[in-house]
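Peer 1: Take this structure first; my questions come after.
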Amino acid sequence: MSEIPDQADLARAGKPLPDPKTNVRPIALNVPRVLTVLDILTASVMRLDEPRTRNWTTGNYELDRITGGFRPGFTWLFGAATSFGKSSWLVAFADDNIKKKKKVLIVSSEDTEEVYGDRLMVRRSKVDAMRYRDGKLHDFERDRVNEQLAKAEEVPVFVDARRYPVEDLVGHLKNVIKEHKIDVVAFDYVQEFRSKRRFQDERVKFREIASMLRHVTKDAKIAGVIFSQLTTTEHTKIPTRDNIRESRDMAHGAEVIVLGFEPNATIPGPEGKPPIAEEGDKCFFIDKVKNGPRNRIIKAPWNDDGAYFETVPDPEQQAIDAMVDQFPIADEDQRYP
C-alpha cells in the first residue's frame, strides 16, 4: 500500500489540499503572435503579387477605382434615404458579380425574395418595370424574360432573415458562407434586424447588431456590405455619416462608407469641366475609405424605365473587349500550322 497520502487522506487529516495548478505548464496560450518587420513586409509584397480579381466589383468602375471595390475582410456601410434605391443598387452589384462567377448572398431583414427576384429579372431582361409589375409585358418583352430565365444560375443568393433574431442568424450564416464559398454578403438593412436582447438606447442596439453582422464577414475573410437608412432634410445638400439613422457609431467599424443621395441643386465640376451631377441625379458620396481618397462624388447612372442602376464598365477593358471582338483569336487548334 502506498505511503503517499492522497487528497482524501489529507482532507480527513484536516490538512490543506495541494494546488492542482502547481508545477503545471501550459502547452499553448491563446495569445496573439508577435510579428516582425520582415513578416508584415513579406505579407505586403505577397498581397501585391496576388491577382486583383480577389476584389469584387461595385458595378461602377469609378467607385471601384476609388475604393478598390469590395475587398476581403473589409466591411462597407452604405446609407441612403428610403426613396434612393438601396435595394436596387444591391441587386445591381450582385448581378454584376454573379456574372463574373462570384457569389453574393443577400440577407434581407425587410423585403421578400419577390422584391429582389423581380428587380433582378427586370434588370437582366431590360423590360419596363411597371409593365412587369402589372403583368402587362409585350410579347417581345416576355421573350426576353423567358430567355433570362433559361440562363439563370443555380447559385445561392438570398436569405429571408425577417423573422430571426441576429443572434440566431450569425451562426447559420457562417455555415452558409463556408459551405457555399460566398464572396460578398449584403445585409439589407440594419435598422430592421431584430435582437433577443433588450436595449434602453436604440443607438447601442444598432451598434451591437452592426458589430455582429460585421464580424460574420470578417471572421470568414470575405467582403460585407451593411445597408442603413439615412435621415436627411430638404436642406441637406450632401449627406455625411452624421446622417446615419440612430447610430453614427456604426461608421467607426466600417472600412468604407458610401452614401447615396439625389442633389437638390447642380453640383459643379472643376473649373472648365462639366457639372458632376444635375439636380435629381442619383449619386454616391464617398465619405470614408480606409486606404483611399474620400469626399468624392460619383454619378450613378439610373435607368428610369427599368428602375435599376446601370453598370459603369472600365473604359480600358471596354477598349480591349472591342479589339477582341474586331480581331477574334483563332481556336487553339487553328492557331499554329
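Peer 1: Among the residues of region 94-103 satisfying the criterion of being out of contact with any helix residue (DSSP H, G or I) (no Cβ under 7 Å at 6 or more places or on another chain) and either free of Cβ contacts under 8 Å to residues at least 40 places away in the same chain or over 14 Å from M121 (Cα atoms) (or both), which is most open to solvent (accessible area, probe 1.4 Å)?
Peer 2: Out of the qualifying residues, it is K101.
Peer 1: Here is a follow-up. Specify the residue that is least open to solvent (accessible area, probe 1.4 Å); the eligible residues are those in region 181-192 that are of a type outside the set (S, T, N, Q) and more than 13 Å from I106 (Cβ to Cβ).
Peer 2: V190
Peer 1: Identify all residues within region 158-180 that are open to solvent by less than 60 Å² (accessible area, probe 1.4 Å) and farther than 20 Å from V115 by Cα; write none if there are none.
Peer 2: P165, V166, E167, L169, V170, G171, L173, V176, I177
Peer 1: Could you look through region 198-230, keep only residues that are free of Cβ contacts under 8 Å to residues at least 24 places away in the same chain and assigned to a loop (DSSP other than H, G, I, E, B), and pick out the one that is least open to solvent (accessible area, probe 1.4 Å)?
Peer 2: F199
Peer 1: Still on this structure: Do you know which of the residues in region 158-205 that are within 16 Å of K101 (Cα to Cα) and of a type in the set (D, E, K, R) is farthest from the chain's Cα centre (by Cα)?
Peer 2: Among them, the one singled out is K181.
Peer 1: Mind listing just one residue for me: the one in region 275-294 that is part of a loop (DSSP other than H, G, I, E, B) and within 20 Å of the chain's Cα centre (by Cα) and, of those, modelled with the highest pLDDT?
Peer 2: Filtering region 275-294 for residues that are part of a loop (DSSP other than H, G, I, E, B) and within 20 Å of the chain's Cα centre (by Cα), the one modelled with the highest pLDDT comes out as K282.
Peer 1: Among the residues that make up region 135-157, is at least one of them over 17 Å from the mean Cα position of the chain (by Cα), assigned to a strand (DSSP E or B) and among the basic types (K, R)?
Peer 2: No: region 135-157 contains no residue that is over 17 Å from the mean Cα position of the chain (by Cα), assigned to a strand (DSSP E or B) and among the basic types (K, R).
Peer 1: Please go through region 279-294 and give me each residue that is open to solvent by less than 90 Å² (accessible area, probe 1.4 Å) and free of Cβ contacts under 8 Å to residues at least 40 places away in the same chain, ordered by number.
Peer 2: Answer for region 279-294, where residues must be open to solvent by less than 90 Å² (accessible area, probe 1.4 Å) and free of Cβ contacts under 8 Å to residues at least 40 places away in the same chain: G280, D281, C283.
Peer 1: Yes or no: region 257-274 includes at least one residue that is outside any loop (DSSP other than H, G, I, E, B), open to solvent by 10 Å² or more (accessible area, probe 1.4 Å) and under 25 Å from A94 (Cα atoms).
Peer 2: Checked against the condition, which is being outside any loop (DSSP other than H, G, I, E, B), open to solvent by 10 Å² or more (accessible area, probe 1.4 Å) and under 25 Å from A94 (Cα atoms), region 257-274 yields at least one hit.
Peer 1: Under the condition of being out of contact with any strand residue (DSSP E or B) (no Cβ under 7 Å at 6 or more places or on another chain) and aromatic (F, W, Y), which residue from region 104-143 is most open to solvent (accessible area, probe 1.4 Å)?
Peer 2: F140
Peer 1: All but one of (1) at pLDDT below 75; (2) part of a loop (DSSP other than H, G, I, E, B) hold for I320; state the number of the condition that does not hold.
Peer 2: Only one criterion is unmet by I320, namely (2).
Peer 1: Restricting attention to region 61-80, which residues are open to solvent by 10 Å² or more (accessible area, probe 1.4 Å), farther than 15 Å from A251 by Cβ and not acidic (D, E)?
Peer 2: Answer for region 61-80, where residues must be open to solvent by 10 Å² or more (accessible area, probe 1.4 Å), farther than 15 Å from A251 by Cβ and not acidic (D, E): Y61, R65, I66, G68, R71, P72, G73.
Peer 1: Does V155 satisfy being of a type in the set (V, I, T) and buried (at least 16 other Cβ atoms within 10 Å of the Cβ)?
Peer 2: No; evaluated as a whole, the condition is false for this residue.
Peer 1: Another question about this same structure. Could you check P301 against (1) within 25 Å of the chain's Cα centre (by Cα); (2) over 13 Å from P239 (Cα atoms); (3) open to solvent by less than 20 Å² (accessible area, probe 1.4 Å) and say which number it fails?
Peer 2: Tallying (1) within 25 Å of the chain's Cα centre (by Cα); (2) over 13 Å from P239 (Cα atoms); (3) open to solvent by less than 20 Å² (accessible area, probe 1.4 Å), P301 fails exactly one: (3).
The values are calculated or read from the model by the stated rules, or taken from the named source; none is laboratory data. What you see is a predicted model, and the numbers here were worked out from it, not measured in a lab. Using ideal geometry, Cβ is built from the backbone for each residue, glycine included, and neighbour counts are taken over all protein chains shown. SASA here: full protein model, heavy atoms, side chains in, ligands and nucleic acids out. Shrake-Rupley method; radii C 1.70, N 1.55, O 1.52, S 1.80 Å.
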